[in-house]
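Trainee: Can you keep this structure in mind? I'll have questions shortly.
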Ligand code: AP5
């Protein structure tokens, strides 16, 4: 069992690889982006509060996301937690360390997915997901076998995210470089950082992550 962080800019492939780990190793994916999108559609006060911030591509407050993660850490971790899109600031990283210590858990690896900005634009603009089961597709690199039909669950409900456009992506990248990329040095200094080539084929990225987990 291992608890890991997948760290990388928007479109690095965090969600894609997290879903593989859930299927292959029964790990539990904790995506703060998914949790916030759920809150948005559920119409709660918090959901309304974060909707505009997310659509612009900015980070929501540390307090909100730390609260969301704290709730989830209390549940069974199955084959281990995959933190996907969390932490994104030094304050969140410190809070995660505290929460794990309090719940008697350890963080095993922080896997940095290295990519370049040009590839990210193409990945984000081409992304769509199944609204029913959450499977992630891409117009070019991972289309559905039958146009408009999910390969996994057969749903026709395909969705594109409100923040998957060039303007919001510029802000998301800026937020990543200003607030999240310092975590690379933070985890390197703690001896927990591993890196994989996020530009490789999806299967090759998956194999590189598996090697780290099986060390
Ligand atoms: P979040 O949902 O976390 O989005 P993100 O970090 O911007 O990451 P993405 O989901 O866009 O990309 P990904 O790395 O998962 O890539 P994917 O696998 O889908 O956050 C959204 C917003 O919520 C934030 O902007 C912020 O407002 C808020 N938020 C969330 N967490 C927060 C926090 N902790 N603090 C504050 N605010 C927070 O892949 C992308 C595409 O590329 C797909 O189409 C896929 O098929 C394709 N692809 C993937 N891998 C490959 C490959 N190897 N080769 C070719 N194509 C590939």
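Just so you know, all these numbers are worked out from the coordinates, no wet-lab data involved. Computed from a prediction, not measured in an experiment: that's the story for all the values here. Glycine also receives a Cβ, built like all others from the backbone with ideal geometry; neighbour counts cover every protein chain displayed.
Trainee: Three principal axis extents, largest first, for the C-alpha atoms of the range 146-215, in Å?
Mentor: For the range 146-215, the Cα spread along each principal axis is 46, 35, 18 Å.
Trainee: If you line up the Cα atoms of the range 87-215 on their principal axes, what length do they span on each, largest first, in Å?
Mentor: In descending order, the Cα extents are 46, 35, 28 Å.
Trainee: Taking a ≥ b ≥ c as the square roots of the eigenvalues of the Cα gyration tensor of the chain, is the shape rounded (a/c under 1.5), prolate (a/b larger than b/c) or oblate?
Mentor: Note, shape of the chain comes out rounded.
Trainee: From the helices alone, meaning DSSP H stretches of at least four residues, give me the mean residue ellipticity at 222 nm for the chain, per-run term -39500 (n - 2.57), in deg cm²/dmol to the nearest 500.
Mentor: On the way: 9 runs with 98 residues, N = 215.
Computed ellipticity for the chain at 222 nm equals -14000 deg cm²/dmol.
Trainee: Using Cα centres only, tell me the gap between the range 37-71 and the range 188-213 in whole Å.
Mentor: The range 37-71 and the range 188-213 have Cα centres spaced 28 Å from each other.
Trainee: Go ahead and set up a Gaussian network model of the chain, Cα springs under 10 Å, then flag whichever of 184, 64, 82 fluctuates most.
Mentor: 64
Trainee: While we're looking at this one, here's another question. State whether the range 1-125 is rounded, prolate or oblate according to the following rule on the C-alpha gyration tensor (a ≥ b ≥ c being the square roots of its eigenvalues): a/c under 1.5 gives rounded; otherwise a/b larger than b/c gives prolate, and the remaining case gives oblate.
Mentor: It is oblate, given that a/c is not under 1.5 and a/b is not larger than b/c.
Trainee: Another question about this same structure. When 128, 81 are ordered from fewest to most other Cβ atoms inside 10 Å of their Cβ, what list results?
Mentor: 128, 81
Trainee: Of 186, 177, how do they rank once you tally other Cβ atoms within 10 Å and put the fewest first? If you can, show how the numbers build up before the last one.
Mentor: Values: 186 16, 177 11.
Least to most surrounded, the residues fall as 177, 186.
Trainee: What percent antiparallel are the DSSP beta bridges of the chain, to the nearest 5?
Mentor: So the antiparallel bridges amount to about 35 percent of the total.
Trainee: Also, I was wondering about something else. Residue 161 to residue 200: FRET efficiency via 1/(1 + (r/R0)^6), r the Cβ-Cβ distance, R0 41 Å, to the nearest 0.05? Write down the numbers at each step before the final one.
Mentor: On the way: r = 24 Å, r/R0 = 0.59.
Working from the Cβ atoms, E equals 0.95.
Trainee: Here's another thing I want to ask about it. Measure off 7 Å from each Cα along the Cα-to-Cβ vector at residue 25 and residue 52, then give the distance between these two points in nanometres to one decimal.
Mentor: Result: 4.1 nm between the two label points.
Trainee: Here's a follow-up. Could you estimate the translational diffusion coefficient of the range 38-88 from the Stokes-Einstein equation, with Rh from the Kirkwood formula over C-alpha pairs, at 4 °C and 1.567 mPa s, in whole µm²/s? The partial results should precede the final answer.
Mentor: On the way: Rh = 12.3 Å.
The diffusion coefficient I find is 106 µm²/s.
Trainee: Mind jotting down the distance between the C-alpha centroids of the range 110-179 and the range 76-94, whole Å?
Mentor: The range 76-94 and the range 110-179 have Cα centres separated by 21 Å.
Trainee: Can you put 106, 129 in order, fewest other beta carbons within 10 Å first?
Mentor: Working: 106 10, 129 18.
Lowest to highest Cβ neighbour count: 106, 129.
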